[in-house]
1. Name the single residue, out of those in the range 50-76 being in contact with a Ser or Thr (Cβ under 9 Å, 6 or more places away or on another chain) and assigned to a strand (DSSP E or B), that is nearest to residue 118 (Cα to Cα).
2. For residue 113, indicate whether it is surrounded by 12 or more Cβ atoms within 10 Å (Cβ to Cβ) and polar (S, T, N, Q).
3. Inspect the range 125-133 for any residue being of a type outside the set (Lys, Arg), within 15 Å of residue 55 (Cβ to Cβ) and at pLDDT 90 or above and give the result as yes or no.
4. Can you name every residue in the range 93-143 that is among the basic types (Lys, Arg) and in contact with a strand residue (DSSP E or B) (Cβ under 7 Å, 6 or more places away or on another chain)?
5. Quick one: how many residues across the range 58-96 are modelled with pLDDT of 95 or more and touching a Gly at 6+ places or on another chain (Cβ under 8 Å)?
6. Inside the range 28-67, can you point out the residues that are β-branched (Val, Ile, Thr), surrounded by 13 or more Cβ atoms within 10 Å (Cβ to Cβ) and closer than 19 Å to residue 140 by Cα?
7. Among the residues of the range 90-124 satisfying the criterion of being of a type outside the set (A, V, I, L, M), in contact with a Leu (Cβ under 9 Å, 6 or more places away or on another chain) and outside any helix (DSSP H, G or I), which is farthest from residue 54 (Cα to Cα)?
8. Restricting to the range 88-104, and then to whatever is over 32 Å from the mean Cα position of the chain (by Cα) and loosely packed, with under 10 Cβ neighbours inside 10 Å, can you tell me which residue is farthest from residue 68 (Cα to Cα)?
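The values are calculated or read from the model by the stated rules, or taken from the named source; none is laboratory data. Quick caveat, the model's predicted, so the values are computed rather than measured. Positions of Cβ are generated from backbone atoms using ideal geometry, with glycine treated the same way; all protein chains shown enter the neighbour counts.
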Amino acid sequence: MAYQGPLAYAAAMEVPMKRVLILLALAACGTPQEQCIRGVTGDLSTLDRLIAETEGNIARGFGYETRVVTMPRWLDCTPRPTAADPEPKSQMCMEDVAEEVRRPVALNLTEETAKLASMRDRRAQIASAMAPAVAACQQRYPE
């Protein structure tokens, strides 16, 4: 089969690509038991992430602040090929692009240490309260 251009190739790949994306989405969902446990332990996962972040801040002696800034960037804005213009001329244009920037910030390490202790206490409370719900998920959806 002779090459018929980018539009023919894209049309030919559309159905197989959709199947691949659907299979990837289904694989990412997990088993029913995993979904149930993930739904029950969502707060615990968030708290674990915050504890790890605070431990890192204390170990470094400073934290990070993330801001979104808008930066001008040169982007390829060449029009798509059409029947009227199958090979459009390449074009570049300046557009504002949102970008996350991380900057170091000073922390009160005494407050951070107290916050960490509080989060660890809260994590223990949440974990013990979630244990029956996790057991129920395991019973409801045995693997």
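1. 63
2. Taking the combined requirement at face value, the residue satisfies it.
3. If we filter the range 125-133 for residues that are of a type outside the set (Lys, Arg), which is where we start, we get 125-133.
This time we only want the ones that are within 15 Å of residue 55 (Cβ to Cβ), so: none.
No, the range 125-133 contains no residue that is of a type outside the set (Lys, Arg), within 15 Å of residue 55 (Cβ to Cβ) and at pLDDT 90 or above.
4. Listed by number, the residues that qualify are 102, 103.
5. Selection size over the range 58-96: 0.
6. Just the residues of the range 28-67 that are β-branched (Val, Ile, Thr), to begin with: 31, 37, 40-41, 46, 51, 54, 58, 66.
From the residues that got through so far, the ones that are surrounded by 13 or more Cβ atoms within 10 Å (Cβ to Cβ) too are 37, 40-41, 51, 54, 58.
Answer for the range 28-67, where residues must be β-branched (Val, Ile, Thr), surrounded by 13 or more Cβ atoms within 10 Å (Cβ to Cβ) and closer than 19 Å to residue 140 by Cα: 37, 40, 41.
7. Per the criteria, the residue is 93.
8. Looking only at the range 88-104, we keep the residues that are over 32 Å from the mean Cα position of the chain (by Cα), and these are 88-90.
Going one step further and asking which of them are loosely packed, with under 10 Cβ neighbours inside 10 Å, we end up with 89-90.
Details: 89: 33, 90: 30 Å.
Among them, the one singled out is 89.
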